[in-house]
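Asks: Here you go, one structure.
The values are calculated or read from the model by the stated rules, or taken from the named source; none is laboratory data. Because the structure is predicted, anything quoted here is derived from the model rather than measured. Cβ placement follows ideal geometry from the backbone for every residue including glycine, while neighbour counts extend to all protein chains displayed. With ligands, DNA and RNA removed, areas are computed over all heavy atoms of the protein, side chains included. Shrake-Rupley method; radii C 1.70, N 1.55, O 1.52, S 1.80 Å.
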Amino acid sequence: KLLAPLALAGALAVQQGCYASFSAFHSLHQWNGHVTGSPVANSAIHAGLWILPVYELTLLGDLLIFNTIEFATGKPVFGSGSPR
C-alpha cells in the first residue's frame with residue numbers, strides 16, 4: 001500500500017518532463033513579501049499560507065498544470081519571469 005503512492009508520484013514526475021520557473025508559487029511568495037510594511041506581519045501571513053495549504057496547492061498547480069503550459073508556450077502563466 002505504501003509503494004503505490006510512491007510509484008504514482010514517480011510516474012507523474014517523469015511524465016512532467018520539464019522544469020519551469022514555478023511562476024505561480026513565486027508570484028504568491030513575492031506578493032506575500034509586499035502585502036504589509038511590517039516584517040512580523042509578513043512572517044505571520046507566510047506561516048498562515050503554509051498552514052492553510054495555500055503554498056502547497058500553488059506548488060501542486062505549478063507542477064501539474066502551469067509549468068506544463070509554460071513549457072509548451074515558452075511564456076510563464078503568472079508574472080513576467082523568464083522560463084528556465
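Asks: Name the residues in the stretch 4-38 that are modelled with pLDDT of 85 or more and open to solvent by 70 Å² or more (accessible area, probe 1.4 Å), would you?
Replies: Within the stretch 4-38, 26, 29, 30, 31, 34 meet the criteria.
Asks: Between residues in the stretch 35-46 that are in contact (Cβ under 8 Å) with a residue 60 or more places away in the chain and residues that are aromatic (Phe, Trp, Tyr) and open to solvent by less than 60 Å² (accessible area, probe 1.4 Å), which pairs lie under 7 Å by C-beta distance while being six or more apart or on different chains?
Replies: Going by the 7 Å Cβ cut-off, there are no qualifying pairs.
Asks: Can you name every residue in the stretch 55-76 that is outside any helix (DSSP H, G or I) and open to solvent by 60 Å² or more (accessible area, probe 1.4 Å)?
Replies: First pass over the stretch 55-76, keeping only residues outside any helix (DSSP H, G or I): 74-76.
The one that is outside any helix (DSSP H, G or I) and open to solvent by 60 Å² or more (accessible area, probe 1.4 Å): 75.
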